[in-house]
Amino acid sequence: MSKSHRGTIIITIVAVSIAAALGTAYATRDKSTSGTSITAVGSTALQPFVEAAGEEYAKINLGTFVNVQGGGTGTGLSQVSQGAVDLGNSDVFAEEKEGINAKRLVDHQVAVVGIAPLLNKDIGLKDLSTAQLQAIFTGKVTNWQQIGGKNKKIVIINRAAGSGTRATFEKWGLLGKQSIEAQEQDSSGMVRSIVATTPGAISYAAFGYIDDTIVAASVNHVSPLNKNVASGMYPIWSYEHVYTKGKPTPTVAKFLNYLTSKEIQSTLVPKLGYISIHDMQVTRELNGNIIKK
Amino acid sequence: MDNITQKLMQKSESTKKDSLGRAVSLAALSLIVIVVISIFAFVMSRGLSTFFHDGVHVKDFLFGSTWNPSVVNPQTKQPYIGALPMIFGSFLVTFLAAIVATPFAIGTSLFMTEIAQKRGTKIMQPIIELLVGIPSVVYGFIGLTVVVPFIRSVFGGSGFGILSGTIVLFVMVLPTITSMTVDTLKSVPRHYRESALAIGATRWQMIYKVVLRAATPGILTAIVFGMARAFGEALAVQMVIGNAALMPHNLTSPASTLTSILTMGIGNTVMGSLQNDVLWTLAMILLLMSLVFNLVVRAIGRRGEMK
């Protein structure tokens with residue numbers, strides 16, 4: 001190989017590989033505009049459900065793809081209100097999120113999730129009232145002894161500010177009070193393992209995360225069980241919302257119907273630790289009014 | 001005759017290649033410059049909108065110590081956006097990690113270059129290079145499962161905090177500082193050492209009075225590079241520091257860094273809202289700090305040229 005050809009060869013190789021990369025990227029591009037693909041973005045708490053349901057849906061409706069991404073409730077709501085995605089998954093009502101124009105969004109409630117206070121096993125308490133929860137999370141009591149537990153310092157572990165689980169817990173567990181500034185973790189699995197290993201730790205997570213490494217305390221003498229949420233006895237729960245911008249297109253509407261269908265609600269929903277919306281004997285409005293069905 | 005004139009007037013094959021090469025490298029350069037400028041412009045425009053669009057005072061942001069952007073202070077009608085705990089936390093873990101890592105790094109690199117050259121280059125070099133390449137999530141995971149419980153059992157509390165963050169970062173920046181220090185020590189001219197030994201210096205005297213003195217600017221550069229890595233590290237620190245936007249009372253109480261608050265919050269806020277803008281401002285501070293680290297490295301390089 002002569003020296004003068006080397007440069008040309010290198011340039012050719014680079015050009016060809018760039019062209020190949022762009023070509024592959026183009027060939028495998030996201031065909032979300034073609035109408036047979038539904039994109040959902042948002043809440044990581046709701047992600048596994050929509051993902052699993054999407055896979056099932058694609059099996060029966062060949063040619064339709066449901067593309068589900070996380071990113072958080074805030075991302076989901078802002079992307080859907082910009083019209084960048086078809087579905088925005090959220091743990092909270094869009095009205096409760098700052099910076100979102102909820103009037104343009106249509107709410108589809110697809111599941112219910114209950115949230116339980118998690119305690120370290122050594123604390124020696126199994127029941128907390130909402131007043132006690134409030135006192136703990138606002139820093140009024142700092143030792144478990146003050147409310148009948150063992151002599152251990154209270155260690156609060158929060159989810160990240162703005163997370164749906166935290167918003168729900170503060171709204172219904174702390175009756176609207178804000179938690180004091182404390183440790184924050186960005187996933188429920190992490191929260192559970194820290195509560196399990198840290199003496200005196202308290203946090204909160206969805207029912208699906210309850211296991212025997214921690215104590216899931218009952219609230220106002222009502223145990224954190226699905227049936228107590230369904231009857232409206234247990235206070236800390238929220239709807240899982242899927243938002244669309246304006247009325248959903250026929251393709252999207254079909255998928256949303258599938259999400260709330262008997263079949264999915266009785267199989268996938270309980271399997272993933274959510275509560276079926278068909279089981280609920282009460283409905284709760286945005287302002288907190290509870291209505292018996 | 002005409003043939004020669006024509007040859008002289010026309011561009012030769014080599015000249016054409018020359019200008020082609022020039023064009024290719026210029027294109028590559030301008031692409032990089034455009035990318036850098038647009039990143040800067042984007043982060044700046046987002047970050048500054050906290051001050052211009054949302055009307056937050058720079059002083060309140062930099063020196064306020066309460067961080068809760070979604071709540072408005074009833075007295076001042078301003079949200080709680082004091083970023084001091086994060087800024088302080090970032091600097092604290094960075095400096096502590098650098099302070100702890102530097103003696104170890106210098107010791108290791110002296111051993112590799114001055115004391116046991118053969119073993120140093122054969123065994124230590126690959127090990128150090130391997131350490132540089134370990135992904136930060138691995139360090140964070142080890143920190144979470146080993147360091148945090150250890151701190152908890154020794155010092156009490158939850159184990160999350162500045163100290164755990166420092167230990168994890170120490171291990172992370174050590175290879176960076178070491179490998180750069182090794183390069184610096186190797187570049188100290190051989191005749192410096194020979195002259196020192198010839199006038200009767202012991203090996204330690206030679207190392208201490210000649211080699212380290214000559215390598216000081218390079219070692220400082222290595223430390224600053226290590227600090228830049230520590231300052232920008234997000235994942236590993238986030239896993240062990242506890243992420244509480246509080247001024248740390250002591251080294252074992254939960255704290256936070258700019259990066260940890262940023263990664264925790266970005267998915268839970270809405271683009272264009274104040275809560276999102278303040279996170280961009282944190283990103284802007286990170287960007288400006290990495291610029292500062294770069295300038296410091298340049299300044300050291302210019303001032304410390306061997307005389």
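Every number in this text was worked out from the coordinates using simple rules, so none of it is lab data. These figures come from a predicted structure and were not determined experimentally. Cβ: placed from backbone, ideal geometry, glycine included. Neighbour counts: every protein chain shown.
If you sort the three axes of the alpha carbon gyration tensor as a ≥ b ≥ c, you get a/c of 1.5 or more for chain B and a/b no higher than b/c, which makes it oblate. Among A:LEU259, A:LEU62, A:LEU268, the largest mean-square fluctuation in a Gaussian network model of chain A (Cα springs under 10 Å) belongs to A:LEU62. Computed from Cα positions, the angle between helix A:188-197 and the longest principal axis of chain A comes to roughly 50 degrees.
Each of A:VAL92, B:VAL210 was scored by other Cβ atoms within 10 Å of its Cβ. Arranged with the fewest first, they read B:VAL210, A:VAL92. Inter-chain neighbour count for B:9-20: the average number of beta-carbon atoms from partner chains within 10 Å of each residue's beta-carbon is 1. For A:LYS254, a cut-off of 23 angstrom between C-alpha atoms picks up these lysines, skipping any fewer than 8 places away in its own chain: A:LYS31, A:LYS59, A:LYS103, A:LYS245, A:LYS262, A:LYS271.
Quick one: grab the alpha carbon gyration tensor of segment A:1-152, order the square roots of its eigenvalues as a ≥ b ≥ c, and give me rounded if a/c is under 1.5, else prolate or oblate depending on whether a/b is larger than b/c.
Values: a/c = 3.13, a/b = 2.00, b/c = 1.57.
It comes out prolate by the Cα gyration axes.
With charges only on Cβ, +1 for K and R and -1 for D and E, what is the dipole size of chain A about its Cα centre, in debye, rounded to 20? Don't jump to the answer; show the numbers that get you there.
On the way: 28 positive and 22 negative charges, 39 e Å.
Approximately 180 debye in magnitude.
Could you tell me which helices of chain B pass both thresholds, a Cα extent of 27 Å or more along their own axis and a mean Kyte-Doolittle hydropathy of at least 1.6, with helices taken as whole DSSP H runs? Both cut-offs are met by B:84-110.
Look at the Cα gyration tensor of the protein assembly as shown: its axes a ≥ b ≥ c give a/c of at least 1.5 with a/b at or below b/c, and that counts as oblate.
Can you give the average number of partner chain beta-carbon atoms within 10 Å of each beta-carbon in peptide A:151-161, as a whole number? Each step should come with its number before you reach the end.
Working: counts 0, 0, 3, 0, 5, 3, 6, 2, 2, 9, 12.
That average works out to 4.
The residues neighbouring B:VAL188, those whose beta-carbon lies less than 13 Å from its own, together hold a net charge of +2 under the Lys/Arg +1, Asp/Glu -1 convention.
Based on the mean of other Cβ atoms within 10 Å per residue, sort peptides B:74-84, B:16-26, A:164-174 so the most packed one is first. Walk me through the numbers on the way to the answer.
On the way: B:74-84: 15.2, B:16-26: 11.5, A:164-174: 22.8.
Answer by packing, highest mean first, reads A:164-174, B:74-84, B:16-26.
Of the residues A:VAL112, B:VAL182, A:VAL141, B:VAL292, the one with the fewest other Cβ atoms within 10 Å heads the list, and the complete ranking is B:VAL292, A:VAL141, A:VAL112, B:VAL182. Peptide B:274-282 has a mean of 2 when you count, residue by residue, the C-beta atoms of other protein chains within 10 Å of its C-beta.
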